[in-house]
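Working notes, structure below.
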Amino acid sequence: MAEDLLVYTPEVTIRLRYVAQQFFGRILGIKFTLTTDRIAFVERSGPKLAYTKQNLGTGLWMRCHDLLFDGGIEDYPIAVVDW
């Protein structure tokens, strides 16, 4: 049986939980667990993703955006760039 994806983030907010449920759960159909325990994340040998500002050097890394950590409504500039 496959292990759940462990997603490390410095803070678990309502917005982050919602987006993770939509992306990992509904769209990808992946079971996941959100954690703020950095040591447990680093020591884990199974599938893991760090949603942080800096790469932790272990597992996959996705640079986080302040939008998912805000509690209010803010204006964010939208920039379209070519990849």
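Read the figures in this text as sums done on the coordinates, not as results from a lab. Computed from a predicted model, the values in this text were never measured in an experiment. Here Cβ is always computed from backbone atoms with ideal geometry, including for glycine, and neighbour counts include all displayed protein chains.
If you filter the chain for GluC sites (Glu not before Pro), then keep DSSP loop positions with at most 12 other Cβ within 10 Å, what is left?
Details: sites: 3, 11, 43, 74; in loops: 3, 11, 74.
In loop regions of the chain (DSSP not H, G, I, E or B), the sparsely surrounded GluC sites (Glu not before Pro) are 3, 11, 74.
Relative contact order for the stretch 7-83: what percent, with Cα pairs under 8 Å and sequence separation of 6 or more?
Relative CO of the stretch 7-83 lands at 32 percent.
Based on Cβ point charges of +1 for Lys and Arg and -1 for Asp and Glu, what charge dipole magnitude is obtained for the chain about its Cα centre, in debye rounded to the nearest 20?
In total the dipole reaches around 280 debye.
Among 61, 6, 27, which residue has its Cα furthest toward the positive end of the charge dipole of the stretch 5-69, with +1 on Lys/Arg Cβ and -1 on Asp/Glu Cβ?
Projecting each Cα onto the dipole axis, the largest value belongs to 27.
Got a sec? How would 26, 17 order by Cβ neighbour count within 10 Å, fewest to most?
Values: 26 9, 17 13.
The most exposed by this proxy come first: 26, 17.
Got a sec? How would 53, 48 order by Cβ neighbour count within 10 Å, fewest to most?
Exposure proxy ranking, most exposed first: 53, 48.
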